[in-house]
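Each remark here refers to the structure printed beneath this line.
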Amino acid sequence: KRLLPMMSVFALILAGCGREDLSVLRPQGPVAESSLGLIKLSIMIMIVVLLIVFAIAAYVMIKFRRKPNQTEIPEQVEGNFKLEILWTVIPLILVVVLAIPTVKQVFAAGNDHSNDKNAIKVKVTGHQYWWEFEYGDYGVITAQDLVIPTGKDIAFELITKDVLHSFWVPSLSGKIDTNPAGTINRFSFSAQKEGVYRGKCAELCGPSHGFMEFKVKAVSNEEFEKWIESRKAPAVLPEDPALAKTFKDQCLQCHAVGDQGIANAPDLTGIGSREAIAGILINDDTREDGAPIEENLKTWLHDPQSVKPGNLMPNPKDLGLSDVEIDSIAEYLANYKLD
Ligand code: CUA
């Protein structure tokens, strides 16, 4: 009777791992693959231990069960030096067997790749509640969509602008914290296959922690170079001069497009090509949880707090923008694509 609820809870937990783009069980890169290897090793050890313990328990229960008509208490044994040694040494060996590859892997993933000439260097900055990605070698800053070439090591340097966050792409790597104390954390991973992988903040950082998502877009080398080039193109402003002025006077006081504005808030260059708005409003109307980008931008711009409570974006209405202006800016941004 107890087994059934336990099993259904377990099934529910496993169901959470079903999403291909957010699963540790479907690794898409070498770092995640070796993590899965460790998970498999520990599960194997657990199963072997479980089977042996169950077998011994069953044997003892059957062999020493009370015989019919038995009335006297059987011989009582207390303390067994050999057994004590045995069940101390076996777990010790198991712990060592698990610890060696674990420590090896942790240090391998944390290796400083910043001197590796072939690695793509990305500085990751955690903000409440969005992610900034800076490609120092290319002079490119972007937000929310991390674009990487497949097969190449991406060497990350991680910091935070405010509180502790944790950068996690389940299908590509383990978690790594962004520390407020000014320390820089380093690690690296690579993606084998092209695709879009979901990333999450894995450290409670405020009311919208659960919404602090980002996407990793793994593309071919040529596509990556193309993206960098189009990302460096001059800023595109709204065609309508009045709207362009509003956009500059209001939005570009915190945001940047191309070479204009300030990078205090997410960079908006080519936002029309992003996978999601604010990391969570999926720009794909073919998906059940998605919508056209324009709609997502309007949802966001008309009430940012309703999407991500506690975020620093002011409500454009409070800045004096009319509904028409907000819709026009949403349309402009939706069409601001990188080719
Ligand atoms: Cu950032 Cu949780």
Candidate cut points under trypsin sites (Lys or Arg not before Pro) in the stretch 60-109, DSSP loop plus at most 12 other Cβ atoms within 10 Å of their own Cβ, are Arg65, Arg66
Note down the nm distance, to one decimal, between modelled labels 7 Å out along Cα→Cβ at Lys337 and at Ile39. 3.6
Tilt of helix 293-302 relative to the longest C-alpha principal axis of the chain, in degrees (0 to 90, nearest 10)? 80
For the pairs Lys200/Lys248; Lys200/Lys232; Lys82/Lys104; Lys104/Lys152, note any where the Cα-Cα span goes beyond 23 Å. Lys200/Lys248; Lys200/Lys232; Lys82/Lys104
Find the eigenvalues of the gyration tensor of the Cα atoms of the stretch 241-334, then list the square roots of 5 times those eigenvalues as equivalent ellipsoid semi-axes, largest first, in whole angstrom. 21, 14, 13
Student exercise, the stretch 241-334 dipole from Lys, Arg, Asp, Glu Cβ charges, in Debye to nearest 20: 340
Max mean-square fluctuation residue, GNM over the chain, Cα-Cα springs under 10 Å, options Thr102, Thr183, Thr286: Thr286
Least to most buried among His255, His302 (fewest other Cβ within 10 Å first): His302, His255
Build a GNM of the chain with springs between Cα atoms under 10 Å: which of Asn185, Asn311, Asn115 gets the top mean-square fluctuation? Asn115
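So if I place +1 on the C-beta of Lys and Arg and -1 on the C-beta of Asp and Glu, and nothing else carries charge, what would the dipole magnitude of the chain be about its Cα centre? I want it in debye, nearest 20.
Dipole of the chain, to the nearest 20 debye: 1960 debye.
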Using a cut-off of 13 Å between beta-carbons, work out the net charge of the residues near Val106 (Lys and Arg +1, Asp and Glu -1, Val106 not included). +3
Considering the dipole of the chain built from charges on the beta carbon (Lys and Arg +1, Asp and Glu -1) around the Cα centre, which of Ala58, Ala202, Val140 is farthest to its positive end? Ala58
For the pair Val103 and Val24, the simple spin-label estimate (label points 7 Å beyond Cα toward Cβ) gives in nm 2.1
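Give, rounded to the nearest 20 debye, the magnitude of the charge dipole that the stretch 282-323 has about its Cα centre when Lys and Arg contribute +1 at Cβ and Asp and Glu contribute -1 at Cβ.
Charge dipole of the stretch 282-323: 240 debye, to the nearest 20.
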Three semi-axes of the equivalent ellipsoid, the chain, Cα gyration tensor, whole Å, largest first: 53, 24, 17
State, to one decimal in nm, how far the label point of Glu223 lies from the label point of Asp240, with both points 7 Å from Cα in the Cβ direction. 3.5
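Bear in mind these aren't lab numbers, they're just calculated from the coordinates by the rules spelled out. All values reported here derive from a predicted model rather than from experimental measurement. Glycine also receives a Cβ, built like all others from the backbone with ideal geometry; neighbour counts cover every protein chain displayed.
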